[in-house]
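To keep things clear, I will list the structure first and then write my remarks on it.
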Amino acid sequence: DGFIVPLPLSRHFFHLVCGGSLTAAALPPPTATGGMASAYAAVAHKLAAIDAECAAGVFSFAERERRYELEADQEFALARLGMNSPLSLREVLVASGASFVCPLTDVPL
């Protein structure tokens with residue numbers, strides 16, 4: 001139709017512009033530009049599953065915390081990011097200087 005887009009926009013962008021919604025499956029793969037988001041989304045999905053089991057009474061809050069700690073200490077860099085050295089999620093976050101804070105209060109999450 002002769003429509004020219006000056007930027008390399010994805011089909012996902014157009015889907016959103018047309019009123020659609022997306023899931024984490026639309027994020028780029030871990031080895032692609034922006035793939036860090038999909039790697040973090042995979043961890044968030046695992047943590048949400050842990051939360052759901054805890055909320056359903058499958059295990060205690062203390063067990064939930066233990067499982068969170070195990071997730072933070074699992075190898076992350078090789079498995080999720082395709083990096084050359086093994087680092088846990090905790091180590092990747094420390095090395096990258098990434099932190100998650102409340103956008104309103106700046107309180108660490």
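Just so it is clear, none of the values below were taken in a lab; they were calculated from the coordinates. Bear in mind that the values here come from a model prediction, so they are computed numbers and not experimental data. Positions of Cβ are backbone-derived with ideal geometry, glycine not excepted, and every protein chain shown enters the neighbour counts.
Please list the non-local residues whose amide H lies under 5 Å from the amide H of Met83, H modeled 1.01 Å from N, same-chain partners needing a gap of 5 or more.
Leu78
Counting chymotrypsin sites (Phe, Trp or Tyr not before Pro) as exposed when in a DSSP loop with at most 15 other beta carbons within 10 Å, what is the longest stretch of the chain free of them?
So the longest stretch without any such site is 4-58.
Short version: ³J(HN,Hα) in whole Hz for each residue of segment 81-93, in order, from phi by Karplus 6.51 cos²θ - 1.76 cosθ + 1.60 (θ = phi - 60°), x for Gly and Pro, what are they?
Whole-Hz 3J(HN,Hα) from phi for segment 81-93: 10, x, 6, 8, 10, x, 9, 6, 4, 4, 5, 5, 5.
According to the square roots a ≥ b ≥ c of the eigenvalues of the Cα gyration tensor, what is the shape class of segment 11-62, taking rounded for a/c under 1.5, prolate for a/b larger than b/c otherwise, and oblate for the remainder?
Cα axes put segment 11-62 in the oblate bin.
Send over the Kirkwood Rh of segment 53-102, from the inverse of the averaged 1/r over different Cα pairs, rounded to one decimal Å.
The Cα-based Kirkwood calculation yields 12.3 Å.
Using only alpha-carbon positions, what ratio does the radius of gyration of the chain give when scaled by 2.2 N^0.38 Å?
Taking N as the residue count of the chain, the ratio is 1.36.
Could you tell me the relative contact order of the chain? Use alpha-carbon pairs under 8 Å, at least six residues apart, and round to a whole percent.
About 14 percent, as a whole number.
So what is the relative contact order of segment 56-97, in percent, for Cα pairs below 8 Å that sit 6 or more residues apart?
29 percent
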